[in-house]
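The values are calculated or read from the model by the stated rules, or taken from the named source; none is laboratory data. In this text, all values refer to a predicted model and were calculated from it rather than measured experimentally. Cβ placement follows ideal geometry from the backbone for every residue including glycine, while neighbour counts extend to all protein chains displayed.
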Amino acid sequence: MRNLFILLWKYNFFLLFLLLEGICSYLIVQNNNFHHASFINSTNKVAAGIQSMVSEITEYISLSTTNDALSRENANFRSFMPDVFYIDSVQKKIRNDSVYKQQYTFMTAKVINNSTNRRNNYLTLNRGSRQGVEPEMGVISSQGVVGIVKDVSEHFCSVISVLHKDARISTKIKKNGYIGSLVWEGNNAEHARLKDIPKHVKLVIGDTLVTSSFSAIFPEGIMIGVISTVDSKTGDFYTIDVKLSTDFSNLSYVYLVTNVLKEEQQKLEEPIAHDR
């Protein structure tokens, strides 16, 4: 307290000046319409600026919750898209007599770890066996295909990224239906290679590539990328470079895809695979 009094005494003239300056300013504002209006406008402007800043900070803090809610909503929306249903009917008049049953379901998940600069890249998601995740489930994002689930623990799962030497995605050229295999050769996280497309197929730079119906993991028609270059100089097949639609360096939320008929399909195809 003694130090406070010493400080006030030391600066008493300066403090008195500030007090008188404040009183003068108050009297000018109160007794002059122009200055009064200017002061009110300035105060409102400052208050609005502070409120706007507080609002932006609050929105930023709640952004994670908002993204999580939107991802769950998108997962529900995808579950009602026509491509994730199969027709359980032999009737030819599909519009009137068919019965649609859902073949694919979607679960939202958050990416908690991800790599793009290795030869074999993986993701880790915050969903595990407790939420019903199993190996070989597909993983997609709002941009396109992401990868395939490899290992599962109680609360987490690891995903083989498309950016992995062992990743093979059955890929269809959307405009003509030709099927190839998408592989990653480890050069660029934005590009991959499409193989097994014969040279008699007509291709154009920018042709859209999507998942094919040959896969028991992904629904047909999920975006993969577009053709960026085509080389036909060697062999019977094109060398096709693909610009991937998914930005693997910026993944926050993804969807785990469950094919409810996968086990039935694999059980049917297993004897055929052994005969080859």
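In table form, for the structure just shown:
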quantity: Options Phe248, Phe237: the member that is under 19 Å from Asp196 (Cα atoms), at pLDDT 90 or above and assigned by TED's automatic domain parsing to the domain that holds Val111; calculated: Phe237
quantity: Residue in the range 135-148 that is hydroxyl-bearing (Ser, Thr, Tyr), over 17 Å from the mean Cα position of the chain (by Cα) and assigned by TED's automatic domain parsing to the domain that holds Asn188 present; calculated: no
quantity: Tally of residues being closer than 12 Å to Leu251 by Cα, surrounded by fewer than 22 Cβ atoms within 10 Å (Cβ to Cβ) and in contact with a Cys (Cβ under 8 Å, 6 or more places away or on another chain) across the range 103-151; calculated: 1
quantity: 2 or more residues crowded, with 19+ Cβ neighbours inside 10 Å and out of contact with any Phe, Trp or Tyr (no Cβ under 8 Å at 6 or more places or on another chain): qualifying strands (runs of 3 or more DSSP E) within the range 199-276; calculated: 208-211, 223-231, 239-244
quantity: Residues of the range 194-220 satisfying the condition of being out of contact with any Lys or Arg (no Cβ under 8 Å at 6 or more places or on another chain) and within 15 Å of Val146 (Cα to Cα); calculated: Ser215, Phe218, Pro219
